[in-house]
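Written below as structure tokens is the structure these notes are about.
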Amino acid sequence: MRTYTGVLHSFPCNHWLSGGLSCLAQVRRIGLTFNFILLSAVWMHVPPASRARALRKLATLLAPNGRIAISLRRGEPDAAREMRAVSLPN
């Protein structure tokens, strides 16, 4: 998805970064803010006790009126990977 989007929206002002939540410290050092942050197939790997802090850190990377999109995987977890339950707020 990242490759396809980068080709579709390859404007000089766009900065496309790939990485995990563990790379946030490096991303913050760049000093950029982002209009859009996508967490695709990530959130179910973050321990529930760490989610609020992770979301706060991501929010510091947003430009004014920026957005964060999080895709949630529903269903049985992959036995080969550590995954946690996720749900939509009621």
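Take the conditions (1) modelled with pLDDT under 75; (2) in contact with a Ser or Thr (Cβ under 6 Å, 6 or more places away or on another chain); SER40 misses just one of them, which is (1).
Scanning the range 50-72 for residues that are among the aliphatic types (A, V, I, L, M) and either more than 19 Å from ALA25 (Cα to Cα) or in a loop (DSSP other than H, G, I, E, B) (or both) gives LEU61, ALA69, ILE70, LEU72.
The values are calculated or read from the model by the stated rules, or taken from the named source; none is laboratory data. Please read these numbers as outputs of a predicted model, since none were measured by experiment. Using ideal geometry, Cβ is built from the backbone for each residue, glycine included, and neighbour counts are taken over all protein chains shown.
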